[in-house]
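Have a look at the structure below before the remarks.
The values are calculated or read from the model by the stated rules, or taken from the named source; none is laboratory data. Not measured: the values here are computed from a predicted model. Counting neighbours? That spans all protein chains shown, and the Cβs are built from the backbone with ideal geometry, glycine included.
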Amino acid sequence: MSLRLRLNLLVAALNMGFLATLTWLLVNEHRNSIQEEIEAAHRVTVQMLTNAAQASSVFGPAPLVMVNFLQGLGRVRANDIRLYSADGVLRYSSPPSTYKEGRRAPEWFEALMQSKAEATVIGLPGARIEVAPDASRAVLDAWDSIAAIFLLGLGFVALLHGALLLFLRRLLRPTEADARRLVATTQELAENREVMRLIEAGIEEERKRLARELHDELGQSVTAIRLIATSIARGSEAPGVVQGAGKVNEIAAGLYDSVHRIVRELRPAVLEQPDLAAALQDLAREWRVRHQDVELVLELEGDLGDLGEALTLAVFRSVQEALTNVLKHAAASRVRLSVTRGDGTLEARIEDDGHGAPTALAGSGHGLVGMRERVVTLGGSLDTGPAADGGFRVRIVLPLPGDSE
């Protein structure tokens with residue numbers, strides 16, 4: 001999976017997670033508001049009708065008096081009122097609401113927002129009144145509000161994602177002019193060993209630039225999102241808001257970890273101050289975490305801390321490529337990596353117990369050929385062949401300019 005695609009997926013996941021969290025917060029807030037509104041309206045309505053029922057017999061037959069009263073009262077907000085005679089005949093039913101007449105929220109949304117209030121029965125001589133809470137209008141209002149905010153948020157997320165994609169495209173893809181200059185330079189100096197050194201230095205410089213841009217731009221943006229989510233959680237007492245802000249913080253933390261891992265792959269921190277031993281130890285730790293089914297034995301001998309940036313990078317990247325080839329082609333269960341500093345030379349060996357020579361590595365630039373070009377650029381040599389105990393062996397020997405040992 002390409003770096004650009006991985007970043008695109010991470011950004012899309014963060015955006016959609018943020019939008020989903022925001023929508024869920026709105027649903028919870030509206031559901032709680034509807035519950036409180038319906039319960040309050042129901043209590044007031046029941047109290048009013050109870051008082052009216054108790055006084056109705058003073059003015060005549062209770063059922064007739066209450067029917068006249070309810071007809072004059074009309075529709076009571078968020079309640080359906082029905083009056084039944086003693087023999088169960090419906091004598092009165094409140095008229096339907098004219099607010100947003102003919103429209104209802106989707107059934108699944110109504111079920112999600114349904115009020116927990118139950119119908120109340122009020123008894124009176126010769127009849128009974130049933131008062132049933134009706135939250136359909138409040139639910140429809142909530143649906144209209146959430147749908148509008150969701151569509152607006154979806155449009156904003158789409159615009160933000162599009163802007164980030166353009167930024168990543170400009171960041172990760174060289175311009176056509178840069179590409180033409182690179183091709184021209186390569187063609188002119190293809191026979192010169194110096195050009196290989198320049199290309200390797202350019203690749204490392206580009207990796208440093210990409211790592212820096214990802215850390216400074218995307219890393220700071222994710223950190224800002226986490227700070228905002230933390231501030232929201234601390235400033236709110238609503239459990240739904242705190243939970244949603246925590247989820248946003250969790251998603252942003254996952255994105256930050258992924259970006260940090262990509263930055264480490266592009267430019268291990270130990271290479272900022274060339275120390276081959278520290279770089280290989282860090283590489284071994286990462287290997288043991290990510291590839292626990294393949295044992296890696298690391299053996300270092302001699303002072304590997306003052307080799308210079310060019311030599312350190314050449315050995316480190318060659319070892320990286322060799323270990324990657326072991327994973328791709330060797331089907332090994334054990335790898336031995338040894339690096340030894342001797343009298344004027346540095347030797348690195350990578351031996352595995354896999355099924356032998358990886359013939360697929362003969363391709364240009366990505367296998368043994370690319371490793372050999374990198375080593376030869378510094379005046380070294382690369383040998384390959386069967387390991388003593390089976391499997392495959394890669395041996396790198398590089399001179400140490402100015403070594404006094």
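Sub-8 Å Cβ pairs linking a first residue in region 65-78 that is outside the structural domain of Pro125 (by TED's automatic domain parsing) and assigned to a loop (DSSP other than H, G, I, E, B) to a second residue that is among the small types (Gly, Ala, Ser) and modelled with pLDDT under 90, at least 6 apart or interchain, number zero.
Against the list (1) under 20 Å from Gly244 (Cα atoms); (2) touching a residue at least 60 places away in the same chain (Cβ under 8 Å), the condition Ala20 fails is (2).
With respect to the conditions (1) of a type outside the set (A, V, I, L, M, F, W, C); (2) farther than 18 Å from Asp144 by Cβ; (3) part of a loop (DSSP other than H, G, I, E, B), Arg103 lacks only one, and its number is (2).
For (1) part of a loop (DSSP other than H, G, I, E, B); (2) at pLDDT 85 or above, each residue gets a yes or a no:
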{"site": "Ala277", "(1), (2)": "no, yes"}
{"site": "Gln281", "(1), (2)": "no, yes"}
{"site": "Glu286", "(1), (2)": "no, no"}
{"site": "Leu298", "(1), (2)": "no, yes"}
{"site": "Gly305", "(1), (2)": "yes, no"}
{"site": "Ala314", "(1), (2)": "no, no"}
{"site": "Arg317", "(1), (2)": "no, no"}
{"site": "Leu323", "(1), (2)": "no, yes"}
{"site": "Val326", "(1), (2)": "no, yes"}
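Considering only residues in region 227-256 that are within 20 Å of Thr23 (Cβ to Cβ) and among the charged types (D, E, K, R), the one that is surrounded by the fewest Cβ atoms within 10 Å (Cβ to Cβ) turns out to be Glu250.
Within region 160-175, the presence of a residue that is buried (at least 17 other Cβ atoms within 10 Å of the Cβ) and at pLDDT 85 or above is excluded. Residues in region 114-167 that are within 22 Å of Leu25 (Cα to Cα), of a type in the set (A, V, I, L, M, F, W, C), in contact (Cβ under 8 Å) with a residue 12 or more places away in the chain and assigned to a helix (DSSP H, G or I): Ala138, Val139, Leu140, Ala142, Trp143, Ile146, Ile149, Phe150, Leu154, Val157, Leu160.
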